[in-house]
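Colleague: I have a structure here, written as structure tokens, and I will follow up with some questions on it.
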Amino acid sequence: MSEQNNTNDCLMSIEHITKEFKLSDGNILRACNDICIDISKGKTTAIVGESGCGKSTLVKTIMGIHEPTSGRVMFHGKDITKLSNKEKRQNYRHIQMVFQDPATAFNPKMKVKDLICEPLRSFGIISKGEVEERAKELLRQVDLPEEFVNRYPHSMSGGQRQRVAIARALALEPEVIVCDEATSALDVSVQDSIIKLLVKLQQEKGITYIFICHDLALVSLFSHKVVVMQKGTVMEQLDGDKLAESTHPYTRDLLNAVFSVH
Amino acid sequence: MLLEINDLDITYGDNTPTVENVKLSLNEGEILTIVGESGSGKTTVIRSILGLLSGDGHVSKGTLSFKGRDLKTLSLKEWRELRGKDISMIFQDSGNMLNPVQTIGHQFREYIQLHSDMSDSEADAKAVEILKRMHLPNAENILSSYAFELSGGMRQRVGIAMAITFHPQLLLADEPTSALDVTTQAQIVKELMQVVKESGTAMIMVTHNLGVASYMSDKLMVMAGGRVLEYGNARDILTNPQSNYTKTLLASVPTIGGKRYV
């Protein structure tokens, strides 16, 4: 893990994040327990684990959806968990998100061009007249035909919708894209094409991905670093190409749970 | 032959058939898996076996015979006796088939008494016994719970437990593990295999996970666009695929320690 020791490469550092929730019976649930992860610039960091391991809670903390109980997330010299609402809004220009189910992430009454360009319009970057042109350009980047600008989300397949979601995330030219189970709802062949697209965009634009997933076989395809979580704690951090060699018992359990075709 | 389907066409409304020319046969204890991407008609095929096509879907051509009986000529009463007893079904999320405002125990008892003349206490004892077979701890607690109080994996075990209560001769499973994470999926797949083998039940499963298909199936059917591209011995198809689509599908499956895009 030599590259992580080089601080110049580190774009975002998650430092000792702990998040506790108070349950209705008065007990405390510790969803994230002292989590430290360095996110390298232009690389893919995958966070894997079973449901309930705290990976989504961690992402929500990074996105500022809720505040951590303790710890901080440093990004460009600032703790982004302590931003004012105004600063938080500006921060979203640099960090965008792609969700698991694009069907529920879109307003069904909006056309693709308006969906894709909404972030740009919201920040006042382009005028209404530029929407169509910019939407076409973004669709080209995600390998969709330009004619899709006038479609509605329901008249596209799941894979096409996920490409539109990626186009929307790209619109503001962010440094980081957080993908929360972005391919879990898709069929294998479609999943494969989306991963290829993400990798292509990373190579072209140097985007940093934080990829939340429970499928180890999938993350082994394209991650530079894999963080394995269980019950709110980081069990192991290892290089993406060293996943098969892991000796950690929990990682081994996860690896053994994958059914191979042959 | 337990189940025999010949020249099956299924049509929704008056349009051209959605699914065409399906032919399959299944012996006792055999497991057939249908793979294919969303919209390929795989769910339509298994729903037609249970006479449960949604909307105005109907069998427009061909024959379906179960133990020598023509399924197209059954009366509603005959269907009621068959469904849930000789042929039962497991859904992708069993939580959706359970009534949210009744306890699991209430629904389990109702289901058992519909197909047998057991007393309340006998039915409850039966339910507990079957839940224990699915490795559910505290089966009594589960009977007094509501569906939303259980995790996805637990709900799925309840769904499978209900489906195998009467040792059905044919079990239909529509993506039974797709909504679960890898470790839970591995447990459920193994438990499902075990109960199917123990009771000599034949099974047709729909999935898009080729690893799971490879682990479980004797026979395999590959569908795309409402047509059967390949059908036969699972091992033969997986090691020596004939259609280009099957080849693409197999090439899309990520493997740990396999190819990498970065």
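Colleague: For the condition within 14 Å of chain A (Cβ to nearest Cβ), within 29 Å of residue B:95 (Cα to Cα), among the hydrophobic types (A, V, I, L, M, F, W, C) and not in a helix (DSSP H, G or I), what is the one hit in B:180, B:171, B:192? Give the derivation first.
Modeller: Numbers: B:171 fails: within 14 Å of chain A (Cβ to nearest Cβ); B:192 fails: not in a helix (DSSP H, G or I).
Just one listed residue meets the conditions, B:180.
Colleague: Taking the range B:59-91, which residues are of a type outside the set (Val, Ile, Thr), under 20 Å from residue B:176 (Cα atoms) and touching a helix residue (DSSP H, G or I) at 6+ places or on another chain (Cβ under 9 Å)?
Modeller: Residues satisfying the conditions are B:84, B:85, B:88, B:89, B:91.
Colleague: Now, a different point. Could you pull out the residue among B:183, B:165, B:201, B:177 that is over 27 Å from residue B:6 (Cα atoms), at pLDDT 90 or above and of a type in the set (Ser, Thr, Tyr)?
Modeller: B:165
Colleague: Still on this structure: Say we look at the range A:216-247 and pick out the residues that are more than 12 Å from chain B (Cβ to nearest Cβ), assigned to a loop (DSSP other than H, G, I, E, B) and in contact (Cβ under 8 Å) with a residue 24 or more places away in the chain; which of these is nearest to residue B:218 (Cα to Cα)?
Modeller: The residue in question is A:231.
Colleague: I want to confirm something. Restricting to the range B:212-235 and keeping residues that are in a helix (DSSP H, G or I) and within 18 Å of residue B:38 (Cβ to Cβ), which single residue is farthest from the other protein chains (Cβ to nearest Cβ)?
Modeller: Ranking the candidates gives B:213 first.
Colleague: Against the conditions (1) modelled with pLDDT of 90 or more; (2) in a helix (DSSP H, G or I); (3) assigned by TED's automatic domain parsing to the domain that holds residue A:212, where does residue A:179 fall short? Just the number, please.
Modeller: For residue A:179, the failing item is (2).
Colleague: Evaluate the following for residue A:250: is it more than 12 Å from chain B (Cβ to nearest Cβ) and in contact (Cβ under 8 Å) with a residue 12 or more places away in the chain?
Modeller: no
Colleague: Taking the condition under 17 Å from the mean Cα position of the chain (by Cα), modelled with pLDDT under 95 and charged (D, E, K, R), does residue A:93 pass? Step through it out loud before you land on a result.
Modeller: Numbers: under 17 Å from the mean Cα position of the chain (by Cα): yes; modelled with pLDDT under 95: yes; charged (D, E, K, R): yes.
In short, yes.
Colleague: Okay, moving on. Go through the range A:209-228 residue by residue and tally those that are buried (at least 22 other Cβ atoms within 10 Å of the Cβ), modelled with pLDDT of 95 or more and not hydrophobic (A, V, I, L, M, F, W, C).
Modeller: 3
Colleague: So is residue A:200 over 26 Å from residue B:222 (Cβ atoms) and either without any contact (Cβ under 8 Å) to a residue 24 or more places away in the chain or not assigned by TED's automatic domain parsing to the domain that holds residue A:59 (or both) or not? Quick ask: steps written out before the conclusion?
Modeller: On the way: over 26 Å from residue B:222 (Cβ atoms): yes; either without any contact (Cβ under 8 Å) to a residue 24 or more places away in the chain or not assigned by TED's automatic domain parsing to the domain that holds residue A:59 (or both): yes.
Criteria met by residue A:200.
Colleague: Additional query: Looking only at residues in the range A:5-54 that are surrounded by fewer than 20 Cβ atoms within 10 Å (Cβ to Cβ) and among the β-branched types (Val, Ile, Thr), which one is farthest from residue A:243 (Cα to Cα)?
Modeller: By that ranking, first place goes to A:28.
Colleague: I need the full set of residues from the range B:23-60 which are within 14 Å of chain A (Cβ to nearest Cβ) and assigned to a helix (DSSP H, G or I), in order please.
Modeller: Answer for the range B:23-60, where residues must be within 14 Å of chain A (Cβ to nearest Cβ) and assigned to a helix (DSSP H, G or I): B:42, B:43.
Colleague: Additional query: For residues that are assigned to a loop (DSSP other than H, G, I, E, B) and of a type in the set (A, V, I, L, M), scanning just the range A:55-70, find the one that is surrounded by the fewest Cβ atoms within 10 Å (Cβ to Cβ).
Modeller: Of everything passing the filter in the range A:55-70, A:65 is surrounded by the fewest Cβ atoms within 10 Å (Cβ to Cβ).
Colleague: Moving on to the next point. How many of the residues in the range B:61-75 are over 26 Å from residue B:15 (Cβ atoms) and in a helix (DSSP H, G or I)?
Modeller: Residues in the range B:61-75 being over 26 Å from residue B:15 (Cβ atoms) and in a helix (DSSP H, G or I): 0 in total.
Colleague: Please identify the pairs in which a residue from the range B:241-262 that is facing chain A (nearest Cβ under 7 Å) and touching a residue at least 60 places away in the same chain (Cβ under 8 Å) has its Cβ atom under 8 Å from the Cβ atom of a residue that is crowded, with 17+ Cβ neighbours inside 10 Å and in a helix (DSSP H, G or I), counting only partners at least 6 apart or on another chain.
Modeller: Cβ pairs passing all conditions: B:249/A:188; B:249/A:189; B:249/B:210.
Colleague: Exactly one condition in (1) surrounded by fewer than 21 Cβ atoms within 10 Å (Cβ to Cβ); (2) closer than 26 Å to residue B:21 by Cβ; (3) aliphatic (A, V, I, L, M); (4) out of contact with any Leu (no Cβ under 7 Å at 6 or more places or on another chain) is false for residue B:205; which is it?
Modeller: (1)
Colleague: Is it true that residue B:73 is in contact with a strand residue (DSSP E or B) (Cβ under 7 Å, 6 or more places away or on another chain) and β-branched (Val, Ile, Thr)? It would help to see each step written out before you state the result.
Modeller: Working: in contact with a strand residue (DSSP E or B) (Cβ under 7 Å, 6 or more places away or on another chain): no; β-branched (Val, Ile, Thr): yes.
Here the answer is no, as residue B:73 does not meet what is asked.
Colleague: Now, a different point. Among the residues of the range A:200-215 satisfying the criterion of being out of contact with any Pro (no Cβ under 9 Å at 6 or more places or on another chain) and within 20 Å of residue A:50 (Cβ to Cβ), which is farthest from the other protein chains (Cβ to nearest Cβ)?
Modeller: It comes out as A:210.
Colleague: Sticking with this one: For the range A:145-191, which residues satisfy the criterion of being crowded, with 21+ Cβ neighbours inside 10 Å, more than 24 Å from residue A:11 (Cα to Cα) and more than 14 Å from chain B (Cβ to nearest Cβ)?
Modeller: A:148, A:149, A:153, A:163, A:164
The values are calculated or read from the model by the stated rules, or taken from the named source; none is laboratory data. What you see is a predicted model; the values in this text were computed from it and never measured. Positions of Cβ are generated from backbone atoms using ideal geometry, with glycine treated the same way; all protein chains shown enter the neighbour counts.
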